[in-house]
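For reference, the structure discussed in these notes is given below.
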Amino acid sequence: MNLPNIIRPEHTFIGLSVTTKWRALQAIAEKAGNAFGIDGQTVLKALESREKLGSTGIGNGIAVPHAAIDGMTSPRGLLIRFAQPLDFDAIDDIPTDIAVVLLFGENNRGEYLNVLAAIARRLQSDGVLAAMRKARSTDEFYSDFIADSRV
């Protein structure tokens with residue numbers, strides 16, 4: 001899985017200041033709309049609908065909001081570190097400070113599952129997460145996520 005083709009450096013953000021999961025989804029939708037040239041309200045509705053099915057807070061301070069968006073031809077994503085951890089209704093109740101957002105077209109459902117699996121594998125490494133949390137710039141944050149290996 002070639003994550004750099006899906007999540008690009010220019011779609012990486014640190015210090016996003018929001019106080020609730022729903023405000024986070026609004027900010028994510030706005031950033032995704034601007035980044036991918038799609039309607040932010042469409043993204044917001046899709047993310048909110050998915051979140052109502054169950055939290056995308058996967059634990060260990062990580063959320064992976066994802067949704068199908070009409071008209072998208074390939075999976076695209078955002079990498080975000082919040083200014084302050086927030087309650088994302090994660091399965092372990094640990095506040096979320098990192099979100100990896102994945103948007104995909106209806107015709108990409110099979111591919112997006114592979115992308116979600118690749119993201120989850122990448123974030124399982126404590127070394128990767130520790131480095132991402134210490135990153136001082138968006139470039140460093142992105143590089144820590146994308147790097148092929150960690151000690």
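Going through the stretch 37-60 one residue at a time, which ones are outside any helix (DSSP H, G or I) and open to solvent by 60 Å² or more (accessible area, probe 1.4 Å)?
Looking only at the stretch 37-60, we keep the residues that are outside any helix (DSSP H, G or I), and these are 37-39, 54-60.
G37, D39, I58, N60 - these are the residues of the stretch 37-60 that are outside any helix (DSSP H, G or I) and open to solvent by 60 Å² or more (accessible area, probe 1.4 Å).
Using the structure shown, decide if I80 is open to solvent by less than 40 Å² (accessible area, probe 1.4 Å) and either touching a Gly at 6+ places or on another chain (Cβ under 7 Å) or of a type in the set (S, T, Y) (or both). Steps first, answer last, please.
Values: open to solvent by less than 40 Å² (accessible area, probe 1.4 Å): yes; either touching a Gly at 6+ places or on another chain (Cβ under 7 Å) or of a type in the set (S, T, Y) (or both): no.
No.
Can you tell me which residue is most open to solvent (accessible area, probe 1.4 Å) among those in the stretch 83-115 that are in a strand (DSSP E or B) and either more than 19 Å from A35 (Cα to Cα) or among the acidic types (D, E) (or both)?
Going through the stretch 83-115, the residues in a strand (DSSP E or B) turn out to be 83-86, 96-104.
When the remaining residues are screened for being either more than 19 Å from A35 (Cα to Cα) or among the acidic types (D, E) (or both), the result is 83-86, 96-97.
On the way: A83: 47, Q84: 122, P85: 77, L86: 5, T96: 0, D97: 24 Å².
That would be Q84.
Regarding N34, is this residue at pLDDT below 95 and either assigned to a helix (DSSP H, G or I) or open to solvent by less than 10 Å² (accessible area, probe 1.4 Å) (or both)?
Numbers: at pLDDT below 95: no; either assigned to a helix (DSSP H, G or I) or open to solvent by less than 10 Å² (accessible area, probe 1.4 Å) (or both): yes.
Considered against the rule, which asks whether it is at pLDDT below 95 and either assigned to a helix (DSSP H, G or I) or open to solvent by less than 10 Å² (accessible area, probe 1.4 Å) (or both), N34 comes out as no.
Determine the pairs where a residue that is in contact (Cβ under 8 Å) with a residue 40 or more places away in the chain, located within the stretch 127-141, has a partner that is aliphatic (A, V, I, L, M) and part of a helix (DSSP H, G or I) with Cβ atoms under 9 Å apart, the partner being 6 or more residues away or on another chain.
Listed pairs, sorted by first residue: L129/L123; M132/L123; F141/A131; F141/M132.
Might you check whether a residue that is over 14 Å from the mean Cα position of the chain (by Cα), surrounded by 13 or more Cβ atoms within 10 Å (Cβ to Cβ) and modelled with pLDDT of 95 or more occurs anywhere in the stretch 11-20?
Yes, some residue in the stretch 11-20 is over 14 Å from the mean Cα position of the chain (by Cα), surrounded by 13 or more Cβ atoms within 10 Å (Cβ to Cβ) and modelled with pLDDT of 95 or more.
Could you please find all residues in the stretch 68-77 being open to solvent by 20 Å² or more (accessible area, probe 1.4 Å) and small (G, A, S)? Break it down stepwise before answering.
Here is the first cut: in the stretch 68-77, the residues open to solvent by 20 Å² or more (accessible area, probe 1.4 Å) are 68, 70-74, 76.
Within the stretch 68-77, A68, G71, S74 qualify.
Report yes if A118 is touching a residue at least 12 places away in the same chain (Cβ under 8 Å) and crowded, with 18+ Cβ neighbours inside 10 Å, otherwise no.
no
If you go through the stretch 21-31, how many residues are open to solvent by 50 Å² or more (accessible area, probe 1.4 Å) and either within 15 Å of I62 (Cβ to Cβ) or not in a helix (DSSP H, G or I) (or both)? Talk me through it step by step, then tell me what you get.
First pass over the stretch 21-31, keeping only residues open to solvent by 50 Å² or more (accessible area, probe 1.4 Å): 22-23, 26, 30-31.
Filter again for either within 15 Å of I62 (Cβ to Cβ) or not in a helix (DSSP H, G or I) (or both), leaving none.
Residues meeting the conditions: 0.
Just a yes or no: is a residue in the stretch 37-56 under 17 Å from T96 (Cα atoms) and touching a residue at least 60 places away in the same chain (Cβ under 8 Å)?
No, the conditions are met nowhere in the stretch 37-56.
Return the residue satisfying two criteria in turn: it lies in the stretch 124-136 and is under 26 Å from N34 (Cα atoms) and in a helix (DSSP H, G or I), and of such residues it is most open to solvent (accessible area, probe 1.4 Å). Explain how you work it out, then say what you get.
Taking the stretch 124-136 as the starting set, the residues that turn out to be under 26 Å from N34 (Cα atoms) are 132-133, 135-136.
Okay, now just the ones that are also in a helix (DSSP H, G or I), so 132-133.
Working: M132: 0, R133: 88 Å².
Looking at the filtered set, the residue picked out is R133.
Which of (1) more than 19 Å from F13 (Cβ to Cβ); (2) in contact with a helix residue (DSSP H, G or I) (Cβ under 9 Å, 6 or more places away or on another chain); (3) among the polar types (S, T, N, Q) does S143 not meet, given it meets every other one?
Of (1) more than 19 Å from F13 (Cβ to Cβ); (2) in contact with a helix residue (DSSP H, G or I) (Cβ under 9 Å, 6 or more places away or on another chain); (3) among the polar types (S, T, N, Q), only one is false for S143: (1).
The values are calculated or read from the model by the stated rules, or taken from the named source; none is laboratory data. On a predicted model such as this, the values are computed, not experimentally measured, just so you know. Counting neighbours? That spans all protein chains shown, and the Cβs are built from the backbone with ideal geometry, glycine included. Areas reflect the complete protein model, heavy atoms only, side chains present, ligands, DNA and RNA absent. Shrake-Rupley method; radii C 1.70, N 1.55, O 1.52, S 1.80 Å.
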